[in-house]
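Asks: Next up is a structure, given as structure tokens.
The values are calculated or read from the model by the stated rules, or taken from the named source; none is laboratory data. A quick note: this is a predicted structure, and the numbers were derived from the prediction, not measured. Cβ coordinates were reconstructed from backbone atoms using ideal geometry, including for glycine residues, and neighbour counts include every protein chain displayed.
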């Protein structure tokens, strides 16, 4: 409450929502990105845009792989502080590949039971999974470099503080 007894706009608009769900902002963003990619894929399927723009499917799988990796990172960030870079790399790739496989299974079942045309061929499915893996590899390399840079910066600050004392 502010001095006039009114609720501040920041608290009214969003902070209480995040507190209610116990979400941090990057977790909320990762969920929103996943929902956005899913919703856009549905719109593009129904508009026939994947048939017109063949490479759009590849772009969506790449964005999906990055977003799934970001989702995993945002919810399990503290776990990566104690793992080696190789373990971090393997975790991202396995998680993204698992979600990509579930997505391809969803597409297969949708084609079979709802007469959609998500999966054109076995080659298309394998290409989608490879793109998911490439996105996860790229994201994991970026995160490993960011974490290493953050660790080295923290150590340098600590050493400078110790020298001053």
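Asks: Quickly run through the stretch 81-102 and pick out the residues that are farther than 26 Å from residue 121 by Cα and in a helix (DSSP H, G or I).
Replies: First, the residues of the stretch 81-102 that are farther than 26 Å from residue 121 by Cα: 81-92.
85, 86, 87, 88, 89, 90, 91, 92 - these are the residues of the stretch 81-102 that are farther than 26 Å from residue 121 by Cα and in a helix (DSSP H, G or I).
Asks: When you check residue 143 against the structure, is it within 23 Å of residue 23 (Cβ to Cβ) and either in a helix (DSSP H, G or I) or without any contact (Cβ under 8 Å) to a residue 24 or more places away in the chain (or both), yes or no?
Replies: Working: within 23 Å of residue 23 (Cβ to Cβ): yes; either in a helix (DSSP H, G or I) or without any contact (Cβ under 8 Å) to a residue 24 or more places away in the chain (or both): yes.
When the stated conditions are applied, residue 143 passes them.
Asks: Tell me which of these residue 125 doesn't satisfy, since it passes every other one: (1) in contact (Cβ under 8 Å) with a residue 40 or more places away in the chain; (2) in a helix (DSSP H, G or I).
Replies: (1)
Asks: Name the single residue, out of those in the stretch 115-165 being at pLDDT 90 or above and out of contact with any helix residue (DSSP H, G or I) (no Cβ under 8 Å at 6 or more places or on another chain), that is nearest to residue 84 (Cα to Cα).
Replies: 142
Asks: Could you list all residues from the stretch 81-106 that are crowded, with 16+ Cβ neighbours inside 10 Å and at pLDDT 90 or above? Break it down into steps so the answer makes sense when it comes.
Replies: Filtering the stretch 81-106 for residues crowded, with 16+ Cβ neighbours inside 10 Å gives 88-89, 91-93, 95-97, 99-100, 103-104.
Those that are crowded, with 16+ Cβ neighbours inside 10 Å and at pLDDT 90 or above: 93, 95, 96, 97, 99, 100, 103, 104.
Asks: Kindly check whether there is at least one residue in the stretch 23-32 that is assigned to a helix (DSSP H, G or I) and within 23 Å of residue 114 (Cβ to Cβ). Give the steps one after another, and end with the answer.
Replies: Quick first cut of the stretch 23-32, residues assigned to a helix (DSSP H, G or I) only: 25-32.
Then drop every residue that is not within 23 Å of residue 114 (Cβ to Cβ), which leaves none.
No, the stretch 23-32 has no match at all.
Asks: May I ask you to list pairs of residues, at least six apart or on different chains, whose Cβ atoms are under 6 Å apart, with the first in the stretch 16-34 being farther than 13 Å from residue 73 by Cα and the second being loosely packed, with under 13 Cβ neighbours inside 10 Å and modelled with pLDDT under 90?
Replies: Short answer, once both residue conditions are applied: none.
Asks: Hey, among the residues in the stretch 49-80 that are more than 28 Å from residue 23 (Cβ to Cβ) and not in a helix (DSSP H, G or I), which one's modelled with the lowest pLDDT?
Replies: So, considering only residues that are more than 28 Å from residue 23 (Cβ to Cβ) and not in a helix (DSSP H, G or I), the one modelled with the lowest pLDDT is 54.
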